[in-house]
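Readers should treat all values here as calculations from the given coordinates under stated rules, not as data from a laboratory. Values in this document were obtained by computation on a predicted structure and should not be read as measured data. Please note: Cβ atoms are built from the backbone with ideal geometry, for glycine as well, and neighbour counts cover all protein chains shown.
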Amino acid sequence: MTGPAAARLALLLTLGALLLAPLWLPPYHHYVLTLILLNVITVVGLALVMGFTGLVSLGHAGFVAIGAYATVLLTRAGLSYWMALPAGVLLSGCIGYLIGLPALRLQPLYLATVTWGFGQSVWLIALNWVSLTNGQNGLKMAAPALAGRPLAPEDLYWPVLAVAVGGLLAAYRVTKTRPGRALMALRESEVAAMTLGVSARAYKTLAFALSAIYAGSAGGLYVGVVRYINPDNFPFHVSLLYVTMAVVGGMGSLAGAVVGATMLTGLPELLRGFVEYRELIGGVLLLAFLVFVPHGLVGIFGPRIRASHRVPMPPQAAGVPAPSGPVASGDGRSPGPGTAARAEWLRITEVTKTFGGVVALDQVSLVVAPHTIHGLIGPNGSGKTTLFNVVTRLEEPDGGAITLGEHDLLSCPADRLAALGIARTFQNLEVFPRLTVLENVLVGMHARLPVTMTSAVLGTPASRRAEAEARAEALRWLAFVGFQGDPAVPVGTLPFARQRAIELARALAVRPRLLLLDEPSAGLTFGEVEELARVIRRIRDELGTTVILVAHTMRLVFGLCETVTVLDHGIKIAEGSPLEVRRHPEVIRAYLGPSELPATASGGAT
Amino acid sequence: MSGLLLQTIVSGLTLGSIYAIVALGFVVIYQATRVLNFAHGEVLMLGAMIGLVLHTQVGFPYWPTFFVVLIAVALVGLLVERTAYAPLASSPLSTVIMATAAVGQIIRSGVRIVQAEQLSFFPPMFSLEPIVIGPVVITRLNLGIAAIAVGLVAIFGLLFYATTLGTAMRGTSQNPTAAWLVGIDVHRILSLIWALSAALAAAAGLLIAPLVLVRPDMGVIAIKAFVGAVLGGFNSLPGAVVGSLLLGVIENLVGVFLTNAFKDVVVFGILIAVLLIRPSGVLGRPEARRV
């Protein structure tokens, strides 16, 4: 029996053991198991924020506390436990959303602080708002009742188990589909994710809200079990304990969250009598794992797990690029509003961009005809990449206008451009190194995949179908750029030229009508440049995509482009056919320097 | 201006001057490494705790205790750098932040185990005799604490801005590779920065020790200094100092005129508001985004 089947059997056996646990576990161990499951719920939620999205939360105990206190207070106000619990969870989720808002523009440092301050505030409020929370003395809650009969604490095991299993399943589905890939893409390279249409705002706040829902559920269920609550359950070191669980198990993996929560809940409960040492051991464990085992216990087995999920490449991938490109298959080309068949001109009008005192772009105007390859050359620092950044909305110009067809690009945020059919690659390569080859390309389809967080969690047939079709299409894009190899390996493990190819496939997966390639030939060998030239030509001819190409490899530019624009110190100094540009005196001067040095400089512009 | 208001502001400034020392410790590490040291508060507590034990239990003379504590805690700072920062220098920032939080927890729970529950006050360094200046009454102790704090900030400012060593530190914070290329021993400078930051925290711990109970979780004070630094601008030393003073005053005003039990909650509210509205702080410069 191989990988997935064995994993499935193991999961079924575990689930069976958990279902039968109340029959054979002694009461105390049964209680510990309940606590483990509660922490699994919280830490799975935390993993969504920390492991998958890469945002640190040092205040998750605050969300647990909100779920718990809200549930207790609402039942004391007369609501049934089964009504109070979801209300508390909802409240926690809403507050998580609010806490996630500052995450948008903050560096990890500030976010860690906001969550820390949040956790501390919740604890202080619980401690000091005596009229509401009864302060240090805490609050008691009546036993939850079902059909008029009060439940024993151990009966709550069932809802806890149900939420833990359901929560894990939901998290698994999210991480394997479009919303989860968006979260991971933001973690790996926010800039690249944005250019592919991932809204950092939506997804980071969503991750926090979701995470808070998990934590709030754990809190609300916890009070159902123990029927008492006080602020001692939620000080800072509890938040840090959740972090420790995620780290020890292995961040960025749901299995890690389960392992970490199980070990660090189970062990201390069984090692009673060392209460005062628990925090110390927790701190030492956290530090030791961060330094020595950064991928956690699960990470030790990581490579093997990954290898068992190989995705076979379609047969046409072997050897020559696919004869039938992705265009021929599927629904034709409909990237966003309008079709690529429509002739849409890119017009850049008098765009200026300064950085401090440096003028990176000085009133640059440029018109790019549809279905052409337009070259953009110039010495280093001439403003080529800045122009790309301005067009793709990563930099705000000081003045000017940019339109594609009738769309005013300057009124679009960066993460809307993918939907308009604009894609780019980066000079310094912005792949998502820890995502697999296939996942990288799938992120390129983010803007047009009809899979939402809700449909992913529910696993609706439509979303499954969309995901399956997306995978097939992604493989075709990989074949299109000539990628041969295992699409299930992390991109970071591949050689540079392959990473470039994957970045290109990812940009093509946007189905762009305008594609901006920033030095795609940098670092490639002679043969690889030849192959690249062939692919770029096919992008124009077969896909009908307009290409703007920045390159220092003149052979590539002059061999491919209909029109070439030359920038120098932010000023457009020449434009025309490759032949005209090559002979232009300004261009020669810009590349070769003042005319005193003609002899030494001949042939330098390559 | 009413006497109470003025009195509140003055005592707020005293508190703020202590925050300023703590904030400097945060900011100098942040500038050099982009790391927020979550163990800073525990280092502060360690300073107060070692001082208390050395003076009241071992019977070490009063002022020499200060020097011993500063040196001992500076060494602890070095240790933190060696264990939580250096091995993780190439890891994501969030990992380093978690590591410092882990170190903080180790220090805090370690002290709790060793010192159990022997809480006490550190004897004051100046008399509690009140001085009346117009409508304001201030004790010699508070005045002295504020004076020492201001002096420390000044010395630190001179060191950072007017010495070769300070220039090397600033160079290292802005671009470690370039600093290394021009012959600065970056590792040594980083160690020095962590040690210096720890010594500043210890000084703050000793200064505040006569005013609050010395106990294992007194490090919470550092959170407020941090808020002060954010308020003023985390990438500017003068900003951090001004922000800390401002926070001391705000905190006292809230405590006296609004709510004492929730003044810390208000402080966190301010933190979140500042981060949302003006992430670079009141005096700080916005940081450039790189593409």
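Data for the structure
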quantity	calculated
Residues A:ALA21 and A:TYR172, FRET efficiency given R0 of 25 Å [Cβ-Cβ distance, rounded to 0.05]	0.70
Charge tally in the Cβ shell below 13 Å around B:ALA204, where Lys, Arg are +1 and Asp, Glu are -1, B:ALA204 excluded	0
Residue order, fewest to most surrounding Cβ atoms within 10 angstrom, among A:TYR110, A:TYR69	A:TYR110, A:TYR69
Contact order relative to length of chain B, as percent, for alpha carbon pairs under 8 angstrom and 6 or more apart	36
Gaussian network model of chain B, springs between alpha carbon atoms under 10 Å - residue of B:LEU258, B:LEU15, B:LEU46 with greatest fluctuation	B:LEU258
Contact order normalised by residue count of the stretch B:1-103, Cα under 8 Å, 6+ apart, percent	28
Alpha carbon convex hull of the protein assembly as shown, volume per residue in cubic angstrom	194
Whole-number percent relative contact order across chain A, with pairs defined as alpha carbons under 8 Å at least 6 apart	16
Helix A:275-292 axis, angle to chain A major axis (alpha carbon atoms, nearest 10°)	20
Around A:TYR81: net Lys/Arg minus Asp/Glu count, Cβ-Cβ under 15 Å	+3
Computed E for A:ARG534/B:ARG34 - FRET, C-beta separation, R0 41 angstrom, nearest 0.05	0.40
Order of A:TRP158, B:TRP63 - criterion: other Cβ atoms within 10 Å of each residue's Cβ, fewest first	B:TRP63, A:TRP158
In degrees, nearest ten, helix A:3-24 long axis to first principal axis of chain A (Cα)	20
³J(HN,Hα), Karplus 6.51/-1.76/1.60, whole Hz, each residue of the stretch A:418-425, x for Gly, Pro	4, 5, 7, x, 10, 9, 8, 10
Calculated P(r) of the stretch A:159-309 - Cα pairs past 18 Å, %	67
Sequence of A:CYS561, A:CYS412 once ranked by neighbouring C-beta atoms within 10 Å, starting from the fewest	A:CYS412, A:CYS561
Neighbourhood net charge (14 Å Cβ-Cβ; Lys/Arg +1, Asp/Glu -1) for B:VAL76	0
Kirkwood Rh and Cα Rg combined as Rg/Rh, the stretch B:75-123	1.13
Globularity ratio of the stretch A:1-121, using Cα Rg and 2.2 N^0.38 Å	1.34
Rg over Rh [alpha-carbon atoms, Kirkwood Rh] for the stretch A:191-268	1.08
Share, in percent, of DSSP beta bridges within the protein assembly as shown that are antiparallel, nearest 5	65
Computed FRET value (nearest 0.05) for A:ASN428 with B:THR56, which takes r as the C-beta separation and R₀ as 60 Å	0.55
Coordinate range along principal axes, alpha carbons of the stretch B:1-51, Å, largest first	44, 28, 12
Cα-only Debye scattering, the stretch A:345-457: base-10 log of I(q)/I(0) at q = 0.13, 0.18 Å⁻¹	-0.61, -1.03
Gain on full stretching of the segment that runs from B:ILE131 to B:TRP63 - 0.36 nm per residue minus C-alpha separation	22.1 nm
Sequence-distant lysines (8 or more away, or on other chains) whose Cα lies within less than 16 Å of B:LYS224	B:LYS263
Equivalent ellipsoid dimensions for the stretch A:195-237 as semi-axes, Å, which come from the Cα gyration tensor, largest first	32, 12, 5
Nearest 10 degrees, 0 to 90: helix A:200-226 Cα axis against chain A principal axis	10
Sequence-distant lysines (8 or more away, or on other chains) whose Cα lies within less than 28 Å of A:LYS353	A:LYS384, A:LYS572
Rounded, prolate or oblate (a/c below 1.5 giving rounded, otherwise prolate when a/b exceeds b/c) for the stretch B:194-266 by Cα gyration tensor	oblate
Backbone N under 20 Å from the A:TYR28 label point (7 Å along Cα→Cβ), restricted to the stretch A:150-169	A:153-155, A:157
